[in-house]
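Asker: Below is one structure. I have some questions about it.
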Amino acid sequence: MKSRTKKRIGKIGITLSILVLGFLFISPLLWMIIASIKPETLIFKDMGFQAFIPKQTTFDNFRKILFSDNINFFHYMGNSLFTVGMIVLLGTIVNSICAYALVKLKFPGSDFVLLVIIALYVVPFESVLIPLYIVVNKFGWINQYPALIVPFIASAFNIFLFRQFFMGFPKELEEAAQIDGATPWQTFIKIVVPNSKPVFATAAILTFVTHWSDFMWPLIVATDQSIQTVQIGIQYLFTDNNIQYGQIMAALTLTTIPVILIFLFFQRYYVQGITSSGVKG
């Protein structure tokens with residue numbers, strides 16, 4: 001009986017600890033959402049634990065940000081969805097094909113190519129920012145969508161992620177397709193891709209989250225408001241002499257919705273994709 005009681009107490013303690021840690025991690029997000037529905041005068045007045053219990057609520061901040069004359073929020077949001085969506089779509093296609101070729105199509109120097117890809121993953125983006133800008137400028141892509149999309153289609157991390165998953169892919173399925181006369185390309189499209197949803201979902205989520213919050217690169221190559229992303233658009237709210245933090249919190253809350261939705265949509269594949277793409281020989 002004592003041992004069972006100790007186990008129950010231990011489980012309760014662990015559960016409470018997880019709940020407390022979970023609240024600490026999510027508290028900034030909760031504060032942002034609650035602040036977005038508060039009047040401007042109460043955002044910084046009620047601090048401490050009271051900050052999470054709004055005494056007065058209003059949706060004026062959302063109305064002002066969505067229908068503002070100073071910032072076309074829908075336009076910036078559309079630009080972000082388009083550019084990040086294209087990076088995710090084209091990136092999953094290119095990176096998965098590259099990884100499958102490294103696993104299945106052995107050629108001289110394939111191991112060296114993999115080594116270079118892994119080495120590129122540790123290179124910080126800031127070190128290649130100026131050379132990349134020069135290349136993009138030479139192509140005449142400044143203030144055009146290709147400048148926001150093309151440089152990020154190929155991803156060293158995603159190639160490695162796909163490679164690790166494909167290394168554990170059942171060979172029996174591929175051999176059965178080959179016996180039926182399928183080419184390597186047909187095998188990849190009809191057999192491998194439909195059975196690799198976890199890794200595709202994982203790559204899509206990680207790519208979306210990474211580039212949805214991009215600020216530095218869009219700030220440099222997109223000086224024209226017609227193609228600027230939502231992260232740049234939000235900065236215009238800070239240029240006003242009378243900064244309205246309620247509107248800023250409302251804008252930030254709206255920008256988190258796509259991230260939350262993509263996690264909810266792909267969550268059943270996400271953990272499986274991470275665990276099945278572990279390091280293999």
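The values are calculated or read from the model by the stated rules, or taken from the named source; none is laboratory data. Remember, it's a predicted structure, so these values are computed and weren't measured experimentally. Cβ: placed from backbone, ideal geometry, glycine included. Neighbour counts: every protein chain shown. Side chains are part of the model used for accessible areas, which takes the heavy atoms of the whole protein and leaves out ligands, DNA and RNA. Shrake-Rupley method; radii C 1.70, N 1.55, O 1.52, S 1.80 Å.
Asker: I'd like the per residue volume of the convex hull spanned by the Cα atoms of the range 32-180, given in cubic angstrom. Write out the running numbers ahead of the final one.
Answerer: Working: hull volume 37.2 nm³, N = 149.
Enclosed volume per residue, from the Cα hull, is 250 Å³.
Asker: Rolling a 1.4 angstrom probe over the protein heavy atoms, how many square angstrom per residue are accessible across the chain? Mind showing how you got there, number by number?
Answerer: Values: 16890 Å² over 281 residues.
Accessible area per residue, the chain: 60 Å².
Asker: How far apart, in nanometres, would the label points at Lys7 and Ser213 be if each is projected 7 angstrom from Cα along the Cα-to-Cβ direction?
Answerer: 4.0 nm
Asker: Rounded to the nearest 10 degrees, what's the angle between the helix 197-212 long axis and the longest principal axis of the chain, both from Cα atoms, 0 to 90?
Answerer: For 197-212 against the chain, the angle is about 40 degrees.
Asker: Trypsin sites (Lys or Arg not before Pro) within the range 1-85: which are DSSP loop residues with at most 13 other Cβ atoms inside 10 Å? All intermediate terms of the calculation are to be shown ahead of the outcome.
Answerer: Working: sites: Lys2, Arg4, Lys6, Lys7, Arg8, Lys11, Lys45, Lys55, Arg63, Lys64; in loops: Lys45, Lys55.
Filter output for the range 1-85: Lys45, Lys55.
Asker: Okay, moving on. Please list 216-222, 103-109, 226-232 highest first by mean number of surrounding beta-carbon atoms within 10 Å per residue.
Answerer: Details: 216-222: 17.6, 103-109: 11.0, 226-232: 20.1.
Ranked from most to least packed, the peptides come out as 226-232, 216-222, 103-109.
Asker: Between rounded, prolate and oblate, where does the chain land on the alpha carbon gyration tensor, with a ≥ b ≥ c its root eigenvalues, rounded for a/c under 1.5, else prolate if a/b exceeds b/c?
Answerer: Details: a/c = 2.49, a/b = 1.29, b/c = 1.93.
In terms of gyration-tensor shape, oblate.
Asker: Show log10 I(q)/I(0) for the range 19-78 at q = 0.22, 0.23, 0.28 Å⁻¹, two decimals, from a solvent-free Debye sum over equal Cα scatterers.
Answerer: With one equal scatterer per Cα and no solvent, log10 I(q)/I(0) is -0.89, -0.92, -1.08.
Asker: Rounded to the nearest 20 debye, what is the charge dipole size of the chain about its Cα centre when +1 sits on each Lys and Arg Cβ and -1 on each Asp and Glu Cβ? Before the final figure, lay out each step's value.
Answerer: Values: 20 positive and 13 negative charges, 310 e Å.
Dipole about the Cα centre, nearest 20: 1480 debye.
Asker: Relative to the longest principal Cα axis of the chain, at what angle does helix 110-121 sit, 0 to 90 degrees, rounded to 10?
Answerer: 10 degrees
Asker: Here's something else I'd like to know. Taking 0.36 nm per residue of sequence separation and subtracting the Cα-Cα distance, how much length would be gained by fully extending the chain between Phe82 and Thr58, in nm to one decimal? Each step should come with its number before you reach the end.
Answerer: Values: separation 24, 0.36 × 24 = 8.64 nm, distance 3.09 nm.
That works out to 5.6 nm of additional length.
Asker: May I ask you to derive the FRET efficiency for Ser27 and Ile257 from their Cβ-Cβ distance with R0 = 22 Å, giving the value to the nearest 0.05?
Answerer: Numbers: r = 19 Å, r/R0 = 0.86.
With R0 = 22 Å, the Cβ-Cβ based efficiency is 0.70.
Asker: Could you list the chymotrypsin sites (Phe, Trp or Tyr not before Pro) in the range 82-157 that lie in coil according to DSSP, counting only those with at most 16 other Cβ atoms within 10 Å of their Cβ?
Answerer: On the way: sites: Phe82, Tyr100, Phe112, Tyr121, Phe125, Tyr133, Phe139, Trp141, Phe152, Phe157; in loops: Phe139, Trp141.
For chymotrypsin sites (Phe, Trp or Tyr not before Pro) across the range 82-157 that sit outside H, G, I, E and B with at most 16 neighbouring Cβ atoms in 10 Å, the list reads Phe139.
Asker: Please sort by residue number the chymotrypsin sites (Phe, Trp or Tyr not before Pro) in the range 172-229 whose DSSP state is loop and whose Cβ has at most 15 other Cβ atoms within 10 Å.
Answerer: Values: sites: Trp185, Phe188, Phe200, Phe208, Trp212, Phe215; in loops: Phe215.
Those that pass, being in a loop and sparsely packed, are Phe215.
Asker: Nearest 10 degrees is fine. How inclined is helix 156-167 to the longest principal axis of the chain, computing both from alpha carbons?
Answerer: For 156-167 against the chain, the angle is about 50 degrees.
Asker: Okay, moving on. Debye calculation, C-alpha points only, no solvent: report log10 I(q)/I(0) for the range 92-185 at q = 0.11, 0.22, 0.24, 0.26 Å⁻¹, in the same order as the q values.
Answerer: The Debye formula, applied to the Cα set alone, gives -0.45, -1.14, -1.24, -1.32.
Asker: With point charges of +1 on the Cβ of Lys and Arg and -1 on the Cβ of Asp and Glu, referenced to the Cα centre of the chain, which listed residue (Val150, Leu206, Ile18) lies farthest in the positive direction of the dipole?
Answerer: Ile18
Asker: Rounded to two decimal places and with Rh computed the Kirkwood way over Cα pairs, what is Rg over Rh for the range 73-133?
Answerer: Details: Rg = 16.1 Å, Rh = 14.3 Å.
Radius of gyration relative to Kirkwood radius: 1.12.
Asker: Moving on to the next point. Return the Rg/Rh ratio of the range 110-257 with Cα-based radii and a Kirkwood Rh.
Answerer: Numbers: Rg = 20.6 Å, Rh = 18.8 Å.
Rg/Rh: 1.10.
Asker: Excluding Thr83 itself, what net charge comes from residues whose Cβ is under 14 Å from its Cβ, given Lys and Arg +1 and Asp and Glu -1? Intermediate results must be reported in sequence, preceding the final value.
Answerer: Numbers: positive: none; negative: Asp214, Asp224.
Taking every Cβ under 14 Å from that of Thr83, the sum is -2.
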